[in-house]
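First comes the structure, then the notes that go with it.
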Amino acid sequence: MQETALAQRTLNTALQRMAAETASATSWNEAYAHVRGPIDLDWVDQHLGVYYSSSFEHDFTLVFDSAGTPIYGSLHGRVAPPPSYQSIAAAAAPLVRDAQRKEFRRRTGVEPPGPPASGNVVWLSAFVRDGGKIHLIGVSTVAPNSGNAAGPAPAVAVATGVTLDARYLTALGDGVNLSRLQLSAAPGETLGSVNLIGPEGRSVGSLLWRVRRPGAEILKGGAGVFAFVALLLGAVIFALGRRIRTLFQRLRQNDAALRSTMNELIAARDKAQASSVAKSRFIANISHEVRTPLNGVLGMAQALSRDNLAAPRLSG
């Protein structure tokens, strides 16, 4: 039960972190300007595709127009042709529709507006199935710094995320001391499994791991020895009984120590994951503070370079 609770908490934190990472570049005047109307694909590739890959090691980034149609895709930080990301886009489409629909309903007054800090921007995250693969995806609508998009149609949306491959599962398992993590297409209904929930609230698969039972493993390994000793040393059953009682006492002590260690691990993991979410939020804030004024300086320098100014005026 403790391992199941730990695994579920780890997945919930991964979903929250993915949503925060996705939203870190979508409530931004410059992003809104370059995706509204004719999309600037070069800008999107550099400031969204490369950004999510280099900053958070995301495997893919997609941009959907106001009609929910994918208009840009990158894989591992490099722009990709549509056929290479169509299956991911199809898997992400329900989550994109949910985000765009909610943003538009907020903006048009059908639903209450979002909080003042984020405006009507909507960001979501979920696990999605793409054939034999499962992805962890974050989706966010794009808006200016105020968080309030404009126009008669839903806002453009960004979808980005990671594939739950062997590398990701190994890192996830090492972080919480769960061994042999693997994916299953079936819902998780047994001990040592937890469901991966999709955009519609249904399981898209499950995460499985090897359940650790130190006491049971010790007894299983010693059962043959105990039987052999009982057959050969029937005269010392009393002494053997005392030995077995001692062994069970040690097993209870080991199990108590394991429960204490698992509780400490859960607390330490929660603290580390909270720090990771805080890091993502810090990157979101600092990116606006640094990139926006820097773009102004670069723009002024480019304007001066195109002007036919005399050398003394340039140096001054």
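The values are calculated or read from the model by the stated rules, or taken from the named source; none is laboratory data. Bear in mind the structure is a predicted one, so any value in this text is a computation, not a measurement. Note that each Cβ is placed from the backbone with ideal geometry, even for glycine, and that neighbours are counted across all protein chains shown. In case anyone asks, the SASA skips ligands and DNA or RNA and just uses the protein heavy atoms, side chains included. Shrake-Rupley method; radii C 1.70, N 1.55, O 1.52, S 1.80 Å.
Details
- Residues Trp28, Trp123, sorted by accessible area with the largest first, give Trp123, Trp28 [1.4 Å probe; ligands and nucleic acids excluded].
- Helix 82-107 vs. the chain, principal-axis angle (Cα, 0 to 90°, nearest 10): 80 degrees
- Span from the region 11-38 Cα centroid across to the region 58-133 one, whole angstrom: 10 Å
- Accessible area, probe 1.4 Å, largest first, for residues Ser24, Ser305: Ser305, Ser24
- Here's how it looks for Asn120: its modeled amide H is under 5 Å from those of Gly114, Asn148, Ala149, which are all 5 or more places away or on a different chain.
- Radius of gyration and maximum dimension Dmax of region 142-207, Cα, Å: 17.7, 51
- Nearest-10 value in Å² for the accessible area of Asp270, using the 1.4 Å probe: 50 Å²
- Length gained when the stretch Ala33-Ser55 is fully extended (0.36 nm per residue, less Cα-Cα span): 5.7 nm
- Net charge dipole, region 30-171: roughly 420 debye, given to the nearest 20, about the Cα centre with Cβ charges of +1 for Lys and Arg and -1 for Asp and Glu.
- Note on region 81-214: along the principal axes its Cα atoms extend 59, 35, 24 Å, ordered by decreasing extent.
- The angle between the Cα long axis of helix 214-232 and the longest principal axis of the Cα atoms of the chain comes to about 20 degrees, rounded to the nearest 10.
- Accessible area expressed per residue, the chain, with surrounding protein chains retained (probe 1.4 Å, Å²): 55 Å²
- At R0 = 41 Å, FRET efficiency that the Cβ-Cβ distance of Arg202 and Leu294 yields, to 0.05: 0.40
- Accessible-area ranking of Arg202, Arg17, Arg259, largest first, probe 1.4 Å: Arg202, Arg259, Arg17
- Within the chain, helix-based [θ] at 222 nm, where runs of 4 or more DSSP H residues each add -39,500 (n - 2.57), nearest 500: -18500 deg cm²/dmol
- Percent carbon-and-sulfur accessible area, the chain, ignoring ligands, DNA and RNA, probe 1.4 Å: 58 percent
- FRET efficiency, Ala5 to Arg129 (Cβ-Cβ, R0 30 Å, nearest 0.05): 0.75
- Between Ser87 and Ile266, the contour length at 0.36 nm per residue exceeds the alpha carbon distance by 60.8 nm.
- Ordering Gly109, Gly73, Gly119 by the projection of their Cα atoms onto the charge dipole of region 48-132, which places +1 on the Cβ of Lys and Arg and -1 on the Cβ of Asp and Glu, puts Gly109 at the extreme positive end.
- For region 144-165, backbone nitrogen atoms closer than 18 Å to the point 7 Å from Trp43 Cα along Cα-to-C-beta are found at 144-151, 155-159.
- Gain upon complete extension [Gln182, Arg210; 0.36 nm per residue less C-alpha separation]: 9.1 nm
- Dividing the C-alpha radius of gyration of the chain by 2.2 N^0.38 Å, with N its residue count, gives 1.38.
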